[in-house]
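Accompanying notes for the structure given below.
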Amino acid sequence: MNIAIIGYGKMGKTIEKMAKIRNHNISLCYDGTPSFHLLNNSNSDVAIEFSTPHSAFNNVKICIENNIPVVCGTTGWIEKFEIIKKICQEKNGSFLYSSNFSIGMNIFFDINQKLSKFLHSYSKDYEITIEEIHHKEKIDKPSGTALSLAKDIINNKMKKTWVLDEKKTKNQILILSKRLNNIPGTHVVKYESKIENIKIQHKAHSREGFALGAVIASEWIQGKKGIFSMKEVLGIK
């Protein structure tokens with residue numbers, strides 16, 4: 001499979017390494033928004049996009065318009081997600097997005113979703129805090145993963161909204177964000193009541209888990225049309 005890597009920073013280089021381990025060819029490495037001509041000449045079967053929040057939309061858009069399936073892991077641009085969905089539907093394209101491509105993290109998403117669903121009837125009794133720690137180079141704050149965790153809790157009607165690094169009301173989830181050296185990513189969700197505490201945690205040891213998940217997703221999307229997530233890739237219902 002020919003893979004175009006859009007966004008050739010630390011994650012892009014790790015994706016290149018994992019793709020080659022899985023016997024794929026890297027047809028393009030580009031650190032900006034590629035042109036139609038460049039994409040067409042690359043003969044890419046799929047594009048993996050890990051860039052920056054301000055360039056992700058244009059990168060995904062140009063891939064879909066070139067009929068190249070695109071797997072995107074850039075966070076911080078999701079206010080334009082519905083526009084990309086519309087473009088993908090109009091062009092009969094292939095688009096897969098995840099705020100976190102780690103296989104373990106996507107199982108963690110499912111555990112958190114089920115836990116908040118089970119605790120829904122007791123939502124008034126539990127205070128909920130999400131803690132996330134990443135490397136200092138990470139641009140968005142809170143992380144897209146933390147927001148995905150909060151969104152799942154809110155969708156299960158345990159809380160109404162979230163607040164970042166400040167005092168919260170009973171109906172809010174507190175998200176605490178830290179940026180430290182050499183931390184690939186740690187996420188902790190705490191459900192705390194007067195009688196008990198429940199805590200779940202996922203800690204990444206390196207970027208390789210994220211890169212491997214992105215490559216697996218790019219293999220999975222071949223021959224498929226539509227808008228997908230890692231849930232479909234991993235068969236999580």
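The values are calculated or read from the model by the stated rules, or taken from the named source; none is laboratory data. Because the structure is a prediction, the values reported are computed rather than measured. Every residue, glycine as well, gets a Cβ built from its backbone with ideal geometry; the counts of neighbours run over all protein chains shown.
On the given criteria, is I139 in a helix (DSSP H, G or I) and surrounded by fewer than 18 Cβ atoms within 10 Å (Cβ to Cβ)?
Spelling it out, it is not the case that I139 is in a helix (DSSP H, G or I) and surrounded by fewer than 18 Cβ atoms within 10 Å (Cβ to Cβ).
Sort out which residues of segment 226-237 are among the β-branched types (V, I, T) and part of a helix (DSSP H, G or I), and write them in order of number.
Answer for segment 226-237, where residues must be among the β-branched types (V, I, T) and part of a helix (DSSP H, G or I): just V233.
I'm trying to understand the selection: among the residues of segment 180-206, which are exposed (fewer than 14 other Cβ atoms within 10 Å of the Cβ) and at pLDDT below 95?
Once the filter is applied, which keeps residues that are exposed (fewer than 14 other Cβ atoms within 10 Å of the Cβ) and at pLDDT below 95, segment 180-206 yields L180, N181, N182, H205, S206.
Consider D45 against the criteria (1) under 19 Å from H135 (Cβ atoms); (2) in contact (Cβ under 8 Å) with a residue 40 or more places away in the chain: it satisfies all of them except one. Which criterion is unmet?
Failing condition for D45: (1).
Counting just the residues of segment 123-149 that are modelled with pLDDT of 95 or more and in contact with a Pro (Cβ under 8 Å, 6 or more places away or on another chain), which one comes out farthest from G76 (Cα to Cα)?
Checking each candidate, the answer is I130.
Can you pull out every residue in segment 58-76 that is crowded, with 22+ Cβ neighbours inside 10 Å and more than 19 Å from I3 (Cβ to Cβ)?
Of everything in segment 58-76, just one residue is crowded, with 22+ Cβ neighbours inside 10 Å and more than 19 Å from I3 (Cβ to Cβ), namely T75.
What tally of residues in segment 9-30 results from selecting those that are closer than 18 Å to S206 by Cβ and touching a helix residue (DSSP H, G or I) at 6+ places or on another chain (Cβ under 8 Å)?
Number of matching residues: 7.
For segment 17-34, what are the residues that are without any contact (Cβ under 8 Å) to a residue 24 or more places away in the chain and either closer than 17 Å to F210 by Cα or among the small types (G, A, S) (or both)?
K20, I21, G32
I'd like the full set of residues that are in contact with a strand residue (DSSP E or B) (Cβ under 9 Å, 6 or more places away or on another chain) and of a type in the set (F, W, Y), limited to segment 45-74.
F50
What single numbered condition from (1) under 20 Å from I236 (Cβ atoms); (2) surrounded by 18 or more Cβ atoms within 10 Å (Cβ to Cβ) fails to hold for I133?
(1)
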